[in-house]
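The values are calculated or read from the model by the stated rules, or taken from the named source; none is laboratory data. Owing to the predicted nature of the structure, the values given are computational and were not obtained by experimental measurement. Quick reminder, even Gly has a Cβ in these numbers, built from the backbone with ideal geometry, and neighbours come from all protein chains shown. Surface accessibility is based on the protein's heavy atoms, side chains included, excluding ligands, DNA and RNA. Shrake-Rupley method; radii C 1.70, N 1.55, O 1.52, S 1.80 Å.
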Amino acid sequence: MRSLGDADILAVWESAHRYHPVDQALALLMTAEPGHSRDELASLPLGRRDARLLALRLATFGDALNSRATCPQCNAAVEFEIACSALRSPDAEINERTLNADGYQLRVRPLTSFDLAAAAGAADVAEARRVLLQRCVVEAHCNDALVNADELPQAIHAAVAQAALEIDPQAELLFELACPACDYRWQATLDIAHILWKEVNARAQRLLMEVHLLACAYGWREADILVMSPARRNAYLQQVAA
């Protein structure tokens, strides 16, 4: 996994800033791993995709990830730091699983970016969950009769969701938080695709400003400015500001 340089960040921001978040995550990976096609990356189980995004974040912005959450108990803002390396788990074989529950026999597979994209157009959360359920159920039987996924009773839905998560546990990045104001403790979910794109967007905006200032001051081309080290570029920016 190679890091994203300044030119990479501006290029991927320019091409993908209007994309859906699912496609933004894939665009980042395609930039960092040009040997893989979009379909190859979109077919990865979400845990594998997010492991790659964590590696990309570590390579590009470092291990320490600073973020914030809101306490569910008292609504206080909670700032925290977490290490990307601590969230990554060793690669493991991810396969379909056979599930037997309440007389139903099901084959369940892990979710992919293709599935998230299919659910993105849902009218509400309930509809999105229904789409994801239908897509991760490869086959379902009841009393040896084939059953459509959308005909499964509500009681089976939770079992299917749990099975999909057990197949691909890295697909849900959980960590513990404690509120310093009221000492309430809870588990939070980390959306590394969302966080990484926000960081890329912020870096792109800063780079655009730096290029603008230096190009106006010295007449340099964007490509020449971007190949400078951050320290050298900052030194010139200080001269411009003086």
All positions within the stretch 4-47 that are farther than 29 Å from Glu96 by Cα and either aliphatic (A, V, I, L, M) or open to solvent by less than 50 Å² (accessible area, probe 1.4 Å) (or both): Leu4, Gly5, Asp6, Ala7, Asp8, Ile9, Leu10, Ala11, Val12, Trp13, Ala16, Thr31
Tally of residues being farther than 19 Å from Trp13 by Cβ and either aliphatic (A, V, I, L, M) or open to solvent by less than 60 Å² (accessible area, probe 1.4 Å) (or both) across the stretch 230-242: 6
Qualifying strands (runs of 3 or more DSSP E) (wholly inside the stretch 125-194; at least 2 residues being open to solvent by less than 80 Å² (accessible area, probe 1.4 Å) and within 30 Å of Trp13 (Cα to Cα)): 174-178
Filter result for Asp50 (open to solvent by 40 Å² or more (accessible area, probe 1.4 Å) and closer than 20 Å to His194 by Cβ): no
Single residue of Ala204, Ala217 found to be more than 34 Å from the chain's Cα centre (by Cα), surrounded by 11 or more Cβ atoms within 10 Å (Cβ to Cβ) and assigned to a helix (DSSP H, G or I): Ala217
Cross-chain or 6+ apart pairs with Cβ under 7 Å, the stretch 73-98 first and open to solvent by less than 60 Å² (accessible area, probe 1.4 Å), then in a loop (DSSP other than H, G, I, E, B) and aromatic (Phe, Trp, Tyr): Cys74/Tyr184
Evaluation of Val227 against (1) among the β-branched types (Val, Ile, Thr); (2) open to solvent by less than 50 Å² (accessible area, probe 1.4 Å); (3) over 24 Å from the mean Cα position of the chain (by Cα) (one fails), failing number: (2)
